[in-house]
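Worksheet: one structure, shown below.
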Amino acid sequence: MRKNETIKEIPRYQRYAGRPLLTEIFKEETTNKDKRNKEIYNAHMKFGYTLKEIAYYLGIHYTTVSKVIKEVG
């Protein structure tokens with residue numbers, strides 16, 4: 001369980017209020033899939049972005065994001 005997930009009374013948007021924007025996480029266009037995959041993993045696991053949010057931003061399907069997270073994790 002993520003550290004920020006422990007207190008359920010705090011709304012999700014408040015638990016991750018200080019997180020970087022996806023534009024900051026993916027600021028460098030990269031052809032390196034390993035680097036992109038690590039950024040996807042961090043966006044979800046460290047900063048709490050949903051699979052759908054990450055997928056929409058990157059223009060890929062959310063199941064692709066899910067597979068990347070399983071592979072990296």
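Applying a threshold of 8 Å to beta carbon distances and a minimum spacing of six or more residues, or different chains, the list of pairs starting in region 10-26 at a residue that is over 22 Å from GLY59 (Cβ atoms) and ending at one that is loosely packed, with under 10 Cβ neighbours inside 10 Å and not charged (D, E, K, R) reads ARG15/ILE7.
Within region 31-73, the set of residues being in a helix (DSSP H, G or I), farther than 26 Å from PRO11 by Cβ and among the β-branched types (Val, Ile, Thr) comprises THR63, THR64, VAL68, VAL72. Quick one: in region 1-12, of everything that is part of a loop (DSSP other than H, G, I, E, B) and farther than 18 Å from VAL65 by Cβ, which residue is modelled with the lowest pLDDT? By that ranking, first place goes to MET1.
Considering only residues in region 8-55 that are hydroxyl-bearing (Ser, Thr, Tyr) and either under 11 Å from the mean Cα position of the chain (by Cα) or under 18 Å from VAL72 (Cβ atoms) (or both), the one that is surrounded by the fewest Cβ atoms within 10 Å (Cβ to Cβ) turns out to be THR31. Evaluation of GLU39 against the conditions (1) at pLDDT below 95; (2) touching a helix residue (DSSP H, G or I) at 6+ places or on another chain (Cβ under 6 Å) shows that the sole unmet condition is (1). When restricted to residues that are out of contact with any Asp or Glu (no Cβ under 9 Å at 6 or more places or on another chain) and in a helix (DSSP H, G or I), region 13-30 contains 4.
The values are calculated or read from the model by the stated rules, or taken from the named source; none is laboratory data. Remember, predicted model here, so these are calculated numbers, not experimental data. So basically every Cβ, Gly included, is an ideal-geometry build from the backbone, and we count neighbours across all protein chains shown.
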